[in-house]
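Colleague: Submitted below is the structure of interest, expressed as structure tokens.
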Amino acid sequence: MRLVKTWIGMALAGAMAASSVGSAQASDLYAKPFGDAPATRNPTGYTPALLCLATQRPHTPLPRIAVGRISDMTGKVDFSTGARVSQGASLFAITALGKAGFPVVERLDNTVAEIELNYARQQLLSDTPEQAGRVADNYRRIYTGQIAGSSYYIVGGITELNANIASSGVNATVGEREQNGTRGGFSRQTYVINVAIDLRLVNSRTQEVIDMVSYQKQVRGADLQLGLTGGENDTGGVLNGGRSSMEPLQAAVRTLVERGVFELTANFYGGAVKSACLDASSEPQGLPLPKYAAAITRPDALSARPH
């Protein structure tokens, strides 16, 4: 019996240690609130790097960038829950561009713009509708060149979702062998999956692929179970408990998108700014600037393009 109590104490200590590690990694966004959880900001590890870019002052105006489809190309679907990974990667990219301070033009959903343009063509759309029927020319004009164009756009896809690329576990049972003896059980499992994304930056005028990036992120999960059975004669009892946790997969997709957007856009500022801002994310230095970077970061290169 003393052995069982000692073992249970060790198992509980291990569970508390595992719990504290998980809490430190997950931050207070995912586990702390139980009911009436507040709406909070949704940063990733690369949000500081993007915000750092927004504080810099480039020598020339930044180009307008649009975002196209960043599709789920993994083909992983559950019959009960649907797609395994987020279908909103394009929205993640638009938000990331906003964090980085780039002017963004809408190309993903032009439904409202097309409806209003159609109404304007028919002279039915007005910015002062209260004057309808009283002012003869009370309609919105359409002017040549009134829609802002993009200099570049970002497209790509979520290209990998690999299950259980690594796993480990341990199971143990200890206690008395007698029929009415006290026994304890302990089980701990860990596993790792990963998800990857491929993005490319395209020149809107020439359709040249200016740059492309590919990143993967590992997502870790853990499961801990404790059990205790025991009793004497006609009296007995069973006690089971456990804890399981997994890094949010969709948050991992957002992290990948923000990392990719940073890599594609930081080159407009030059190597020194890129390295300094990447330090803000506590990540090792990124890849060296590609050969084209000297051209797109030249003052005359950006100023020659329409913005």
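Colleague: For G185, state whether it is assigned to a strand (DSSP E or B), at pLDDT 80 or above and more than 30 Å from V209 (Cβ to Cβ).
Modeller: yes
Colleague: For residues that are under 30 Å from T229 (Cα atoms) and in a strand (DSSP E or B), tally how many sit in segment 125-177.
Modeller: 9
Colleague: Condition test on Q25, is it at pLDDT below 50, within 24 Å of the chain's Cα centre (by Cα) and either surrounded by 11 or more Cβ atoms within 10 Å (Cβ to Cβ) or not in a strand (DSSP E or B) (or both)?
Modeller: yes
Colleague: May I pose another question? Identify the single condition in (1) touching a helix residue (DSSP H, G or I) at 6+ places or on another chain (Cβ under 6 Å); (2) loosely packed, with under 15 Cβ neighbours inside 10 Å; (3) modelled with pLDDT of 90 or more that A295 does not satisfy, given that it satisfies every other one.
Modeller: (3)
Colleague: Which condition does A132 not pass, out of (1) more than 30 Å from Q250 (Cα to Cα); (2) touching a residue at least 12 places away in the same chain (Cβ under 8 Å); (3) in contact with a Ser or Thr (Cβ under 8 Å, 6 or more places away or on another chain), if it passes all the others?
Modeller: (2)
Listed here are the residues, each with its yes/no results for (1) under 30 Å from A83 (Cβ atoms); (2) out of contact with any Leu (no Cβ under 7 Å at 6 or more places or on another chain); (3) of a type in the set (S, T, N, Q).
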| site | (1), (2), (3) |
| --- | --- |
| N118 | no, yes, yes |
| P129 | no, yes, no |
| S168 | yes, yes, yes |
| T173 | no, yes, yes |
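Colleague: A follow-up question, please. Scan (1) more than 21 Å from I197 (Cβ to Cβ); (2) modelled with pLDDT of 90 or more; (3) touching a Ser or Thr at 6+ places or on another chain (Cβ under 8 Å) for the single condition A276 breaks and write down its number.
Modeller: (3)
Colleague: If I go through segment 87-116 residue by residue, how many of them are part of a helix (DSSP H, G or I) and crowded, with 16+ Cβ neighbours inside 10 Å?
Modeller: 10
Colleague: One residue is enough: does segment 257-270 have a residue meeting the conditions farther than 21 Å from V67 by Cβ, at pLDDT below 90 and not aliphatic (A, V, I, L, M)?
Modeller: Taking every residue of segment 257-270 in turn, at least one turns out to be farther than 21 Å from V67 by Cβ, at pLDDT below 90 and not aliphatic (A, V, I, L, M).
The values are calculated or read from the model by the stated rules, or taken from the named source; none is laboratory data. Everything quoted here is computed from the prediction, not taken from an experiment. Counting neighbours? That spans all protein chains shown, and the Cβs are built from the backbone with ideal geometry, glycine included.
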